[in-house]
Structures are given as structure tokens and as C-alpha cells.
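Since the structure comes first, as C-alpha cells, the remarks are kept for the end.
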Amino acid sequence: MPSPSANRLPVTDPEYLYSDSKNPYREKNRQFEGRVFSDQDTENHKGQWLTKFPVDTKRELHVEIGCNAGHVTLEWAASDPKGAYIGIDWKFKPIFWGIEKAVKRDIKNLVFLRAHAERLPFMFAPQEIDRLYLYFPDPWPKKKQLKNRFLTAQTLIKIAPLMKKGGIFHIKTDHAGYFDWMLEHVEIALKEAGPIWEVVDKTHDLHKDHPNPTGMTIPEVTLFERLFIKDGIKINSLKLRAL
């Protein structure tokens, strides 16, 4: 059992331990052993995630941060059976919904992790990830909330070594202020750590040239994204290549 003092450590601390949870969906997820990994168990397979899927040395590992119930990741995995997909979310219930759908549809190249995204360096080994996705993270718009934003220069510095050389990190947000913050923190990361990322694409209006953006469906867009487009909200997009 994790000690109380260990649980008071910052979530980014190497010695951090997850607290026990009484969430009923934690127990429900246990029936999907080998398809759902929770808490400390998400850190026991570092560098070995491809072994959790049918053997194929040509596989690419795709990881979505904040996957919710896996609406997008499910469709990616279904349409790309030779790819390996991992969805990460903090909530037990959406993870249960996601894996339940995957099992019903016999999608075997997808697993879910219930974990803190801030602990990616403890979950994945250097150059283990081919493609990383972060779609519509909480913008934490108030000044006193800015410290809670996931994407910072330090996060970018810590994530870079986990990516294969040439691997792409794709980020989307509807929040223009957060997007500007992201661009600023990319520059800070490059100044502090050198050329670890290359900006290969950035836009404040991702779908401006699409003939019918309201007609796009998952996985081309997310559930949130469809609502934003319907409301006339522009989608900001950033693609970074690991160097």
C-alpha cells in the first residue's frame, strides 16, 4: 500500500505513488486485465509496450493523451490493424466505456492506461513512441490556473526523448490563448534544451480550406471538435517533429 508521505509528493516526482481508489469502475476495469492498465501498473512495462499487442516488428506505437472513452483512438485502431494504439486518461469510467467498446468490436490493437499524463517519462522508454496526440486539453484559462496547464516548456523537454526520431506530436485546441502559450513554450523549450523539436505545421484555423467542415466525422475530428466547428469556433493545430 502506498505510504501517505509518498502520495504527497508532486505527481512528477520519481518516487510518487498513486493512492488507492474506491471508484467502482476501477474494479470493473479489472475484468479487462492486459487491456487496461491502471496507476503503478502503467509504469511496469516501460520500453515493452509493443509486446502487449500481437507480434509485428513493423508496428508503430500511437499514444493519445486524454483519450476520454477512446472515441478517436478506437477508430484509428480499427482502421489500422497493424498499428499499436494506447489511450491515456485520468478517469476510470471513460476508460471502462472505451475498452468495453473495443472488446465488443474485437479491436485487439488498443489498450488503455488510467494514469497521470504528467508521468509519461515513467511509462515510456526513450524513442518508444512513434506518434503522440493531445487533443483539446483543459485550457485552465484563469490566471491562477495557468500552473495547471499540461503543455509547458518543461513538459516538451521531458517528452522529446520518448519520441522516435522523426516522430510527430500533434496538438489541437479551440482556445486561442492556450495555443499562443503553447507556441511560446515551444520556443522556451528550444532555447533551454536545444533543437529537440521542429515545428512542421501550425495554424489558427485548421479547417478553413475544408469544403464541408460540419460534415466531418470521427476520427477526422473529435466529439468536442465537431461541436466547436458547429459553433463557428476556429481550431488551432500544431505539429512538432522530434529531432
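For residue 115, state whether it is within 20 Å of residue 29 (Cα to Cα), in contact with a Ser or Thr (Cβ under 7 Å, 6 or more places away or on another chain), crowded, with 18+ Cβ neighbours inside 10 Å and modelled with pLDDT of 95 or more. Against the criterion (within 20 Å of residue 29 (Cα to Cα), in contact with a Ser or Thr (Cβ under 7 Å, 6 or more places away or on another chain), crowded, with 18+ Cβ neighbours inside 10 Å and modelled with pLDDT of 95 or more), residue 115 qualifies. Residues in the stretch 182-196 that are touching a helix residue (DSSP H, G or I) at 6+ places or on another chain (Cβ under 9 Å) and exposed (fewer than 14 other Cβ atoms within 10 Å of the Cβ): 4 in all. Restricted to the stretch 202-217, and to residues there that are loosely packed, with under 15 Cβ neighbours inside 10 Å and of a type in the set (Val, Ile, Thr), the residue that is farthest from residue 77 (Cα to Cα) is 214.
Restricted to the stretch 101-131, and to residues there that are in contact with a Lys or Arg (Cβ under 9 Å, 6 or more places away or on another chain) and in a loop (DSSP other than H, G, I, E, B), the residue that is nearest to residue 81 (Cα to Cα) is 109.
Considering only the stretch 1-10, I want to know if a residue exists there that is surrounded by 17 or more Cβ atoms within 10 Å (Cβ to Cβ), part of a loop (DSSP other than H, G, I, E, B) and either more than 20 Å from the chain's Cα centre (by Cα) or among the β-branched types (Val, Ile, Thr) (or both). Checked the stretch 1-10: no residue is surrounded by 17 or more Cβ atoms within 10 Å (Cβ to Cβ), part of a loop (DSSP other than H, G, I, E, B) and either more than 20 Å from the chain's Cα centre (by Cα) or among the β-branched types (Val, Ile, Thr) (or both). Note on the stretch 218-237: residues that are over 17 Å from the mean Cα position of the chain (by Cα), aliphatic (A, V, I, L, M) and buried (at least 17 other Cβ atoms within 10 Å of the Cβ) total 2.
So which of 98, 47 ends up being assigned to a loop (DSSP other than H, G, I, E, B), closer than 30 Å to residue 19 by Cβ, at pLDDT 95 or above and small (Gly, Ala, Ser)?
47
Within the stretch 32-58, residues that are closer than 18 Å to residue 126 by Cβ have Cβ atoms under 9 Å from residues that are at pLDDT below 95 and exposed (fewer than 14 other Cβ atoms within 10 Å of the Cβ) in these pairs: 45/51; 50/56; 50/57, counting only partners at least 6 apart in sequence or on another chain.
Looking at the stretch 165-181, which of its residues are basic (Lys, Arg) and either closer than 13 Å to residue 140 by Cα or buried (at least 16 other Cβ atoms within 10 Å of the Cβ) (or both)? Spell out the reasoning first.
Step one: of the stretch 165-181, the residues basic (Lys, Arg) are 165, 172.
Of everything in the stretch 165-181, just one residue is basic (Lys, Arg) and either closer than 13 Å to residue 140 by Cα or buried (at least 16 other Cβ atoms within 10 Å of the Cβ) (or both), namely 172.
The set of residues in the stretch 35-48 being surrounded by fewer than 21 Cβ atoms within 10 Å (Cβ to Cβ) and touching a Leu at 6+ places or on another chain (Cβ under 9 Å) consists of 35, 38, 39, 40, 41.
Residue by residue, here is whether (1) at pLDDT below 95; (2) crowded, with 17+ Cβ neighbours inside 10 Å; (3) over 14 Å from residue 123 (Cβ atoms) holds:
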position: 15; (1), (2), (3): yes, no, yes
position: 61; (1), (2), (3): no, yes, no
position: 72; (1), (2), (3): no, yes, yes
position: 91; (1), (2), (3): no, no, yes
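The values are calculated or read from the model by the stated rules, or taken from the named source; none is laboratory data. Here the structure is a predicted model, which is why all the values come from computation and not from measurement. Methodologically, a virtual Cβ is constructed for each residue, glycine included, from the backbone with ideal geometry; neighbour enumeration extends over all protein chains shown.
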